[in-house]
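Peer 1: Got a structure for you, questions after.
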Amino acid sequence: MAGLKYQAPRGTFDVLPAAARTRGRIEETAAAIFARAGYEPISTPSFEDTELFERGVGHSTDIVRKEMFTFEDKGGRSLTLRPEGTAPICRAYVEHGMQQLAQPVKLSYRGPFFRHERPQAGRYRQFHQIGVEAIGTESPLADAEAIGLFAELVAELGVPGVELRLGSLGSLAARQAYLDELKAHLRANEGDLSKEVRERIDANPLRAFDSDDEGTQAAMASAPKLVERLEGEDAEHFEEVRALLDAAGVEYAIDPTLVRGLDYYTRTIFSFVCDRLGAQSEIGGGGRYDGLIEQLGGRPTPAVGWAAGIERIALALEEEEAPAGRDVFVATAGEERSRQALAMVLAGELRKAGLSAEVDLGGRGLKGQLKHADRIGARRVLILEEAGAAQLRDMKSGEQRPVDTDNLIAEITEGES
Ligand code: HAM
């Protein structure tokens with residue numbers, strides 16, 4: 001909107017009340033699912049030492065190379081607005097000695113994250129994630145449970161057109177041999193690759209699978225696939241995760257080209273995509289990160305988790321939640337201070353009894369108040385008249401009857417089911 005002096009910064013947005021209702025439902029549904037499964041809430045700062053993300057997320061990732069909001073504080077320390085939540089939670093796990101607790105430590109979170117990406121539908125510079133992490137277990141059950149919780153969330157919210165893609169990267173040690181093979185394939189096809197992929201053959205060869213460049217895609221069609229090369233415990237772990245998902249009735253498709261934008265993944269990786277979204281079709285994803293805690297200076301600790309984008313889920317739901325409506329609007333016929341005071345007191349009583357109640361704050365006459373009550377979806381209007389008399393009006397039927405304000409709650413609920 002040209003001409004406005006101040007606008008929300010590029011890539012950010014205001015959440016207006018209609019959108020806030022949908023987001024509230026997403027967050028509350030997720031919080032209830034996490035709580036029922038024993039994933040306790042944790043929250044970490046919005047910014048961290050830059051090095052945490054450089055080491056945790058990985059130097060060769062797009063996030064670290066191009067997308068971090070990094071700044072120096074007044075003491076000359078380099079800080080970064082968190083681009084993701086897993087490295088900070090692992091930092092907290094180590095810092096607070098959580099390895100002393102019964103394992104795994106199951107955590108859930110939600111909050112804002114920041115990436116300096118080119119904004120488009122579903123891609124913002126400040127966005128919000130909900131997520132879970134199960135830290136301190138290698139069990140395939142933890143992978144299956146995490147995935148199952150995501151599936152449950154999608155089902156309970158009613159997100160349409162969602163598909164689960166599943167892959168495995170093997171353990172770090174086993175992956176090395178494969179990566180050498182992949183690099184050799186990339187070198188042999190160097191002429192077909194995009195400049196970006198070519199420049200990162202050594203640093204991050206897996207990302208070639210994720211490129212949208214046509215030449216690169218053609219070269220990758222014949223590339224060796226990691227899922228097909230899994231051996232020993234890696235293969236068993238992946239098989240077990242799949243068997244557990246099958247048993248639980250969670251549908252998935254194996255995707256041999258699945259890769260993710262963070263370096264810390266080992267073994268299981270997964271992605272939930274939604275066909276109602278455009279280019280940014282992933283509503284969430286995650287995987288196992290058995291080496292991350294050690295990488296951050298802790299004891300070797302296997303872990304698994306995921307995060308979902310609240311904005312992407314909201315886009316996929318494509319709904320506007322209707323306003324909640326009001327139980328009672330307390331209107332005054334006349335403007336005397338004493339009557340307005342009574343309206344305020346009665347509204348307070350109604351609220352204490354658990355009903356939603358509003359009074360007119362806009363200085364309207366009685367007619368205007370009734371109109372306003374209708375506009376905000378009030379089911380009843382209590383009209384305060386002369387000398388303590390009052391009427392209760394049912395906004396749907398239009399019926400009106402005298403009520404005793406000393407006995408308000410009983411009067412209001414009387415005869416209603
Ligand atoms: P991620 O795949 O980078 O993973 O992000 C997870 C989700 O956040 C994405 O699937 C997407 O829905 C949302 N998202 C990411 N970037 C943006 C953006 N610029 N605008 C809007 N939404 C976005 C992680 O962040 C890992 N920490 C997930 C994880 C947890 N892995 C293990 N535990």
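Peer 1: Spot the failing condition for Glu156; the list is (1) open to solvent by 10 Å² or more (accessible area, probe 1.4 Å); (2) in a loop (DSSP other than H, G, I, E, B); (3) not hydrophobic (A, V, I, L, M, F, W, C), and only one is missed.
Peer 2: Of everything listed in (1) open to solvent by 10 Å² or more (accessible area, probe 1.4 Å); (2) in a loop (DSSP other than H, G, I, E, B); (3) not hydrophobic (A, V, I, L, M, F, W, C), Glu156 misses just condition (2).
Peer 1: Something else now. If you go through segment 253-268 one residue at a time, how many are more than 16 Å from the ligand (Cβ to nearest atom) and at pLDDT 95 or above?
Peer 2: Number of matching residues: 2.
Peer 1: Take Phe113 and decide whether it is aromatic (Phe, Trp, Tyr) and within 14 Å of the ligand (Cβ to nearest atom).
Peer 2: yes
Peer 1: Among the listed residues Gly38, Gly11, which satisfies the condition of being more than 30 Å from Ala155 (Cβ to Cβ), at pLDDT 95 or above and within 22 Å of the chain's Cα centre (by Cα)?
Peer 2: Gly11
Peer 1: Can we say Glu196 is open to solvent by 20 Å² or more (accessible area, probe 1.4 Å), over 26 Å from Ile147 (Cα atoms) and more than 16 Å from the ligand (Cβ to nearest atom)?
Peer 2: For Glu196, the condition - open to solvent by 20 Å² or more (accessible area, probe 1.4 Å), over 26 Å from Ile147 (Cα atoms) and more than 16 Å from the ligand (Cβ to nearest atom) - is met.
Peer 1: In addition: Within the group Ala218, Ala223, Ala203, Ala184, which residue is open to solvent by 30 Å² or more (accessible area, probe 1.4 Å) and in a loop (DSSP other than H, G, I, E, B)?
Peer 2: Going through Ala218, Ala223, Ala203, Ala184 in turn, the sole match is Ala203.
Peer 1: Can you find, within segment 250-278, the residue that is most open to solvent (accessible area, probe 1.4 Å) among those that are hydrophobic (A, V, I, L, M, F, W, C) and not in a loop (DSSP other than H, G, I, E, B)?
Peer 2: The selected residue is Ile254.
Peer 1: Working only within segment 69-103, note down all residues that are in a loop (DSSP other than H, G, I, E, B), surrounded by fewer than 20 Cβ atoms within 10 Å (Cβ to Cβ) and on the phi < 0 side of the Ramachandran plot.
Peer 2: Phe69, Asp73, Lys74, Gly75, Arg77, His96, Leu101, Ala102, Gln103, listed by residue number.
Peer 1: Residues in segment 30-44: is at least one hydroxyl-bearing (Ser, Thr, Tyr), without any contact (Cβ under 8 Å) to a residue 12 or more places away in the chain and surrounded by fewer than 15 Cβ atoms within 10 Å (Cβ to Cβ)?
Peer 2: no
Peer 1: Show me the strands (runs of 3 or more DSSP E) entirely contained within segment 289-379 in which 2 or more residues are open to solvent by less than 70 Å² (accessible area, probe 1.4 Å) and either among the small types (Gly, Ala, Ser) or within 16 Å of the ligand (Cβ to nearest atom) (or both).
Peer 2: Filter on segment 289-379 gives 303-309.
Peer 1: Sticking with this one: If a residue has to be in a strand (DSSP E or B) and farther than 17 Å from Gly325 by Cβ to count, how many in segment 384-401 make the cut?
Peer 2: Of the residues in segment 384-401, 5 are in a strand (DSSP E or B) and farther than 17 Å from Gly325 by Cβ.
Peer 1: Quick one: which residue in Gly278, Gly284, Gly309 is over 15 Å from Ile89 (Cα atoms) and at pLDDT below 95?
Peer 2: Gly278
Peer 1: Now for a different question. Which condition number in (1) touching a strand residue (DSSP E or B) at 6+ places or on another chain (Cβ under 9 Å); (2) open to solvent by 30 Å² or more (accessible area, probe 1.4 Å); (3) under 30 Å from Ala20 (Cβ atoms) is the one that Gly131 fails?
Peer 2: (2)
Peer 1: Still on this model: Counting only residues that are within 13 Å of the ligand (Cβ to nearest atom), more than 16 Å from the chain's Cα centre (by Cα) and outside any strand (DSSP E or B), how many does segment 124-153 have?
Peer 2: Selection size over segment 124-153: 2.
Peer 1: In the set Arg326, Arg312, which member is touching an Asp or Glu at 6+ places or on another chain (Cβ under 8 Å), under 24 Å from Asp212 (Cα atoms) and not polar (S, T, N, Q)?
Peer 2: From the options Arg326, Arg312, the qualifying one is Arg312.
The values are calculated or read from the model by the stated rules, or taken from the named source; none is laboratory data. None of these values were measured; they are calculated from a predicted model. Using ideal geometry, Cβ is built from the backbone for each residue, glycine included, and neighbour counts are taken over all protein chains shown. Heavy atoms of the whole protein, side chains included, go into the accessibility calculation; ligands, DNA and RNA do not. Shrake-Rupley method; radii C 1.70, N 1.55, O 1.52, S 1.80 Å.
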